[in-house]
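Participant: Dropping a structure here in structure tokens format, bear with me for questions.
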Amino acid sequence: MKRLFGTNGIRFILGEELNVDDIVRIGMAIGTFFKGGKCLLGRDVRKTGDIVARAIASGLMATGCDVWDVGLITTPALQFSVKNMGFDFGVMITASHNPPEYNGIKVMANDGVEIDREREKKVEEIYFKQKFSLVNWRNVGKYITCSNEEYIDTYIRAVMRHIDVDEIRRRKFTVVVDPINSVGSLTTPRLLRELNCKALTINGNLDGDFPGREPEPRLDNLEALASAVISSGADFGVAHDGDGDRALFVDERGTIYWGDKSGALIVDYYLSTHPGEIVVTPVSSSVIIEEVAKKHGGKVVYTKVGSIYVSRKMMELNAPLGVEENGGVFFGPHHPVRDGTMTTALILDILAQTGEQLSKLMSKLPTYHQAKLRYPCPNELKEKVVEILRDMTKELSAEYIDGVKIWYDKKAWVLIRPSGTEPIFRIYAEAEEEAKLNTIVNEAKRMLEEAIDEAKRKG
Ligand code: MG
């Protein structure tokens, strides 16, 4: 059957892949799946946010669901509210880190975690077979607009329960936040003010054109944040993506880190007081996570790439921590979903408890050379390309949890996997020496090129 959902919910350009009437039908499919009930609906700052949210709301109400529209909110704040404020499910309108022209739909169950593949397939079946349970005019759902302030307030207070608030307040940190013109500006600066920090922002105005930078935070597009940290003498900087669930950090010297490094710092710190716990991470993460976890008798469990896999695996194993290289940290004691504001709170807690600067803490972690590349490939060829790559790597030390991961030695590997949200392949590689990394990356590019050519030839 055709698919609606990708790695992270449904993604589309309105008017190209999906039209407004399709969105109404997606709303009807979701409402039919949940058999009515109370839905919390929120969105990020994208220009099509209002129209998509209203179309989804119409579809939901047509199946008898009551819709509480909270408007602008981060994905993790919505997820927390769904779980803790009596909702039967939630819908977040966001394309997360994708470019401005995209939008998307994430569906949360009443536990505030995205529905799993099984339930996505049921929603897809209802959608494609048009098996909607529509109600008559007397029974259509209610539409209630509500202020996001109350929800964000409750969420921020919940985040603060997991950190040493007094000690952080005493330290009077200065932090620069780059919420990329989106909803992260509603939560992280707010948290910082509650913690007696001086909160400075860049790209802090809400703007669906994302004029500041691309919504995906990466090492190569956070120079403005790094400069702002240095010029303001801040303790650190933090950058979010479009819906505020990711966080990348910049230390006081302006060095920008990938999420597996800041994630490793959090793993190191948390496991030092909770030894032996399980950490869940996708196959794209650095071996640093495993090294740090093992130091405290912890165990790492690997999943496919995608926040749903990490969340659901954490719940299955009762694991307190999940980490993604892209800046996703899942802190189970709060909620097993990735959360950029919760991650910022944890970094503040570590700085306050250790009394050390971020650069010093990072320098104590193992260092590896890493590469992350994007390589264009039409969506319809991806599956074939993966098949060909598997064939090509049969004789190598390879694993196939997600895409193709080739191990060259215990600390050198490359992962080639199709993006679930864009027409590209992503190449992730890591090695102890730079020369070795370059060799691995070139080899991976060559194999991918060859596989794409062959897939094209086979049509
Ligand atoms: Mg996101």
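Participant: Only sites in a loop by DSSP and with at most 10 other Cβ atoms within 10 Å count here; which GluC sites (Glu not before Pro) in the stretch 373-459 make the cut?
Facilitator: Passing both the DSSP loop test and the Cβ count: Glu395.
Participant: Over all pairs of distinct alpha carbons, what does the Kirkwood formula give as the hydrodynamic radius of the stretch 31-155, in Å?
Facilitator: 14.6 Å
Participant: Tell me, Ile180, Ile115, Ile56 in order of fewest to most beta-carbon neighbours within 10 Å?
Facilitator: Ile115, Ile56, Ile180
Participant: Now for a separate question. If R0 is 51 Å, what FRET efficiency do you get for Leu219 and Lys122 from their C-beta distance, rounded to 0.05?
Facilitator: Efficiency computed from Cβ-Cβ geometry: 0.85.
Participant: Please give the charge dipole size of the stretch 7-88, origin at the Cα centre, charges +1 on K and R Cβ atoms and -1 on D and E Cβ atoms. Round to the nearest 20 debye.
Facilitator: 180 debye
Participant: With a cut-off of at most 13 other beta carbons within 10 Å, and DSSP calling the residue loop, which trypsin sites (Lys or Arg not before Pro) in the stretch 257-336 qualify? Please list them.
Facilitator: Sparse-neighbourhood loop trypsin sites (Lys or Arg not before Pro): none present.
Participant: Which percent, nearest 5, of DSSP beta bridges in the chain are antiparallel?
Facilitator: 60 percent
Participant: Which shape class applies to the stretch 165-291: rounded if a/c is under 1.5, otherwise prolate when a/b exceeds b/c and oblate if not, where a ≥ b ≥ c are the square roots of the Cα gyration tensor eigenvalues?
Facilitator: Oblate shape, in that a/c is at least 1.5 and b/c is the bigger or equal ratio.
Participant: With the Cα gyration tensor of the stretch 1-84 giving a ≥ b ≥ c as the square roots of its eigenvalues, does the rule (a/c under 1.5 for rounded; else a/b larger than b/c for prolate; else oblate) give rounded, prolate or oblate?
Facilitator: Verdict is rounded for the stretch 1-84.
Participant: Arranged by the count of other C-beta atoms within 10 angstrom, fewest first, what order do Ser81, Ser182, Ser397, Ser359 take?
Facilitator: By the 10 Å Cβ count, ascending, the order reads Ser397, Ser359, Ser81, Ser182.
Participant: Sticking with this one: How do Leu195, Leu206 rank when sorted from fewest to most other Cβ atoms within 10 Å of their own Cβ?
Facilitator: Going from sparsest to densest Cβ surroundings: Leu206, Leu195.
Participant: Could you please state, rounded to a whole Å, how far the C-alpha centre of the stretch 1-42 is from the C-alpha centre of the stretch 95-174?
Facilitator: 14 Å
Participant: Rounded to a whole number of µm²/s, how large is the Stokes-Einstein D of the chain at 4 °C and 1.567 mPa s, given Rh as the Kirkwood radius over C-alpha pairs?
Facilitator: Result for D is 57 µm²/s.
Participant: Please name which of Val183, Val310, Thr354 has its Cα lying farthest along the dipole of the chain towards the positive end, using unit charges on Cβ (Lys, Arg +1; Asp, Glu -1) and the Cα centre as origin.
Facilitator: Val310
Participant: I've got another one for you. So which of Lys372/Lys405; Lys129/Lys456; Lys261/Lys394 end up more than 23 Å apart, counting from Cα to Cα?
Facilitator: Lys129/Lys456; Lys261/Lys394
Participant: Just the ratio, please: alpha-carbon radius of gyration of the stretch 125-195 over 2.2 N^0.38 Å, N its number of residues.
Facilitator: Computed over Cα atoms of the stretch 125-195, the ratio equals 1.85.
Participant: Per the helix-only calculation at 222 nm, which mean residue ellipticity applies to the chain, given -39500 (n - 2.57) for every DSSP H run of n ≥ 4 and division by its residues, nearest 500 deg cm²/dmol?
Facilitator: -12000 deg cm²/dmol
Participant: A further question follows. Give the shape of the stretch 367-459 as rounded, prolate or oblate, defined through the alpha-carbon gyration tensor: a ≥ b ≥ c are the square roots of its eigenvalues, a/c under 1.5 means rounded, and otherwise the shape is prolate if a/b is larger than b/c and oblate if not.
Facilitator: Note, shape of the stretch 367-459 comes out prolate.
Participant: At a Förster radius of 35 Å, what calculated FRET efficiency corresponds to the Cβ-Cβ distance of Arg374 and Trp137, to the nearest 0.05?
Facilitator: About 0.10, to the nearest 0.05.
Participant: Moving on. Within the stretch 93-164, report the trypsin sites (Lys or Arg not before Pro) that DSSP leaves as loop and that have at most 13 other Cβ atoms within 10 Å.
Facilitator: In loop regions of the stretch 93-164 (DSSP not H, G, I, E or B), the sparsely surrounded trypsin sites (Lys or Arg not before Pro) are Lys131, Lys142, Arg161.
No value in this document is a laboratory result; all are computed from the given coordinates. What you are looking at is a predicted structure, and each value in this text was computed from that prediction instead of being measured. Here the Cβ is made from the backbone with ideal geometry for all residues, glycine too, and neighbour counts use every protein chain on show.
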